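Any read-out appearing in this document is the output of simple, stated calculations on the displayed coordinates, not a laboratory observation. Keep in mind that this is a model prediction, so the values were computed, not measured. Because the Cβ atoms are built from the backbone with ideal geometry, glycine has one as well, and the counts that use them run over all protein chains shown.
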Amino acid sequence: MPPPGESRQPPDRDAATLRLGRPRDWAIGAGLLVALIAAVHYTVGWGPLLAPWRDFSPPLIAWLVLLAALSYGVRAVRVSAWFSPRFSGRFLPLLRLTILHNAANNLLPMRTGELAFPWLMRRYFGFGVLDASAALLWIRILDMHFLGLIGILILYLRDPGWLWWAAGLVWIGALSLLALISRAGTSPRLAGGGRARRLVRTVAAAAPRDPWRIVRVYLWTAVTWTLKFIAFASVLAHFIPVDFWRVMAGVMGAELSSVLPFHGIAGSGSYELAAVAALIPLGVDPRVALAGAVNLHLFVLGTTLLLGGLAFLLPRPAGVR
């Protein structure tokens, strides 16, 4: 019997759950990839763009890859904390799921990789697709909230002042809304009704109601993004020698490419566009910004492929083929 709140699904139905994108998504993604290759070829040139990698210390690259890998591990801890205690003693399969989900998210076009999370949660642990999707939505909301906090930090580094400290405290205080939303999900006013009301009730009820659980999950979110930003900003700073806050803004722009209405294959094109759009208004030369964004993306993809391959060495849950 699956744990409460989980539901086992027939294996043959699992295969139909994960859609790897519509043909239109792949066509748009391929177009963005071709446009990126052409833009680099005719503006910077692939030789000059890749040349600075020769000056990158191999031990430093290994350290930055390790930081990125640790961020994946912390993501698994965060999911475990969100669903605690349901994943007690099942961390390695959960780590496998987390790495594969993030690999799919980084490689598939139009963010169709997000569908890997509910699919794997059902296949590995018997969770309902809607319950897993609602949890992922709230985890992404926490991600965006912490990115907002990093945005406040960038503004502080650009122009230090007490105002940014106050803004950060107010922003963190907004997390208390999670508990209120969760309680609203169990309100009798949302009982019954049609599909839309049931969907709203499920999503609202998925928000953690225990304040300490919210704190734990948010702290793991903070550790995840801190490790990620340290690694990514270190890579980008090697190719764009500007003030650190500008480097941070470039990484922020690249990471926020997920909110764009289009997303290339492996993020190609959209990732670079978002990073360049963040850097150019800050006085960075467009060609330098493009070269830095492409090289940062190559680091992200290389780390994704390396860790995604290693994830297959981790155990599946018992009974899952």
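Of the peptides 85-94, 70-79, the order by per-residue mean of other Cβ atoms within 10 Å, starting with the highest, comes out as 70-79, 85-94. What does a probe at D210 reach in segment 85-104, counting residues whose amide N is under 19 Å from the point 7 Å along Cα→Cβ? Within reach of a label on D210, which here means backbone N under 19 Å from a point 7 Å along Cα→Cβ, segment 85-104 contributes 85-91.
Here, the chain yields an orientationally averaged convex hull projection of 18.5 nm² when only Cα atoms define the hull.
What the Cβ-Cβ distance of I141 and S88 gives, at R0 = 25 Å and to the nearest 0.05, is a FRET efficiency of 0.50.
If I take every Cα pair under 8 Å that is 6 or more residues apart in the chain, average their sequence separation and divide by the length, what percent do I get for the relative contact order? Mind dumping the intermediate values first?
Values: 394 pairs, mean separation 90.0, N = 321.
Dividing the mean separation by the residue count of the chain yields 28 percent.
For segment 51-143, what log10 I(q)/I(0) values come out of the Debye formula at q = 0.11, 0.14, 0.25 1/Å, with one point per alpha carbon and no solvent? The computed values of log10 I(q)/I(0) come out as -0.38, -0.57, -1.38. The residue list Y72, A135, I99 was ranked by how far each Cα lies along the charge dipole of the chain toward its positive end, using unit charges on Cβ atoms, and A135 comes out on top. For the peptides 102-113, 301-312, the ranking by packing is 102-113, 301-312, with the highest mean count of neighbouring Cβ atoms within 10 Å listed first.
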